[in-house]
Amino acid sequence: MSNLERDPREEVCGGLVGVATAPVRELLPGADVVLAPRGMRVTRTLPNRGRRMVGAWCFADAYGPEAVDGGPGMRVPPHPHTGLQTVSWLVEGEVLHRDSLGSRQVVRPGQLGLMTAGRAIAHSEESAPDHSPVLHGVQLWVALPDRDRHVDPRFEHHADLPVLADPGVAVTVIMGELGGAVSPATVHTPLVGADAAMDAGADTRLPLRPEFEYAALVLAGTAEVDGVSLSPGPLLYLGTGRSDLVLRAGRRARVLLLGGEPFEERIVMWWNFVGRSHDEIVRAREDWASGRGFGPVPGDPGPPLPAPPMPATRLKPRGRIP
């Protein structure tokens with residue numbers, strides 16, 4: 001999914017407040033963002049004013065549940081990406097992915113759509129023609145480390161992901177490793193993404209890695225995460241130093257766990273690009289505007305999304321320690 005804001009601000013990834021060196025419980029409110037051109041509303045919890053990244057996870061937009069019966073549903077025109085991976089994860093509904101590599105794939109709940117932009121890729125997303133009446137999911141971005149950020153672009157679709165089971169609980173490992181279960185998805189830094197589907201009243205204890213930092217986001221229902229009551233909306237940042245995490249569902253719930261080795265590189269994130277300097281972002285924008293490097297998206301009927309103007313001030317690479 002694109003960042004479709006008309007006037008995107010520089011996203012200063014690399015937490016300005018540093019990495020917590022011990023377990024914490026920081027409740028970070030999400031920002032309500034209206035995405036053009038369709039006016040789709042999302043709740044953005046990464047980047048956040050308090051914590052800009054969790055491991056290499058640098059962007060999180062939760063959307064829905066939204067009624068899309070009787071209408072076209074999601075429609076995101078062809079748009080560019082560089083220096084990151086996009087992660088499409090659905091609770092309800094379907095999304096049709098197309099990209100400049102020629103990929104065409106419908107992504108459904110429980111399936112991972114993973115696009116590695118690398119040096120450059122363009123893609124579009126829309127609801128399938130025979131889409132379900134409700135659309136509900138989350139769009140995530142992972143920043144690529146410097147050594148891998150110019151790799152060739154690729155798209156992966158994983159319909160069979162590992163699941164950890166507990167009574168009334170099924171934890172799908174979307175990316176990385178959790179409790180010995182390893183996702184087949186390609187990762188470029190040590191990280192984990194997992195979705196815990198919990199029956200009402202169920203509880204479980206997730207094994208964690210003390211050197212990772214973690215955060216939790218409730219996608220549906222209500223749950224207690226390390227004793228903190230959560231509903232959809234805010235992100236609970238948990239810091240590092242944990243060997244496990246207790247989850248308890250109130251109503252039937254979905255809890256998204258994000259974690260990873262703290263990402264120490266200084267980066268610039270603006271619009272749909274992750275780079276290392278202002279000039280690099282300018283070049284990526286100019287390439288997209290002039291039709292260089294990204295290529296068309298075969299089969300998509302609409303025009304590409306125009307790039308917004310650059311901000312008046314230079315973008316600065318930032319790190320976790322100011």
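The values are calculated or read from the model by the stated rules, or taken from the named source; none is laboratory data. The model shown is predicted, which means the values in this text are computed figures rather than measured ones. Don't worry about glycine lacking a Cβ; one is built from the backbone with ideal geometry, like all the others, and counts go over all protein chains shown. With ligands, DNA and RNA removed, areas are computed over all heavy atoms of the protein, side chains included. Shrake-Rupley method; radii C 1.70, N 1.55, O 1.52, S 1.80 Å.
Inspect region 276-289 for any residue being surrounded by 13 or more Cβ atoms within 10 Å (Cβ to Cβ), assigned to a loop (DSSP other than H, G, I, E, B) and not hydrophobic (A, V, I, L, M, F, W, C) and give the result as yes or no. Within region 276-289, one or more residues are surrounded by 13 or more Cβ atoms within 10 Å (Cβ to Cβ), assigned to a loop (DSSP other than H, G, I, E, B) and not hydrophobic (A, V, I, L, M, F, W, C). The set of residues from region 190-247 being charged (D, E, K, R), part of a loop (DSSP other than H, G, I, E, B), touching a strand residue (DSSP E or B) at 6+ places or on another chain (Cβ under 8 Å) and open to solvent by 30 Å² or more (accessible area, probe 1.4 Å) comprises Asp199, Arg209, Asp226.
So which residues in region 124-134 are surrounded by 23 or more Cβ atoms within 10 Å (Cβ to Cβ) and either of a type in the set (Phe, Trp, Tyr) or closer than 13 Å to Glu94 by Cα (or both), if there are any at all? Matches in region 124-134: Glu125 only. Looking across region 222-244, the residues that are on the phi > 0 side of the Ramachandran plot and under 20 Å from the mean Cα position of the chain (by Cα) come down to Gly233, Gly239.
Exactly one residue out of Leu96, Leu101, Leu114, Leu140 is over 20 Å from Met175 (Cα atoms), in contact with a strand residue (DSSP E or B) (Cβ under 7 Å, 6 or more places away or on another chain), in a strand (DSSP E or B) and hydrophobic (A, V, I, L, M, F, W, C): that is Leu96. Here is the figure for region 13-35: residues that are at pLDDT 50 or above, under 12 Å from Tyr237 (Cβ atoms) and open to solvent by 20 Å² or more (accessible area, probe 1.4 Å) total 6. Is it the case that Leu144 is in contact with a Leu (Cβ under 9 Å, 6 or more places away or on another chain) and either within 27 Å of Ala202 (Cα to Cα) or open to solvent by 10 Å² or more (accessible area, probe 1.4 Å) (or both)? For Leu144, the condition - in contact with a Leu (Cβ under 9 Å, 6 or more places away or on another chain) and either within 27 Å of Ala202 (Cα to Cα) or open to solvent by 10 Å² or more (accessible area, probe 1.4 Å) (or both) - is not met.
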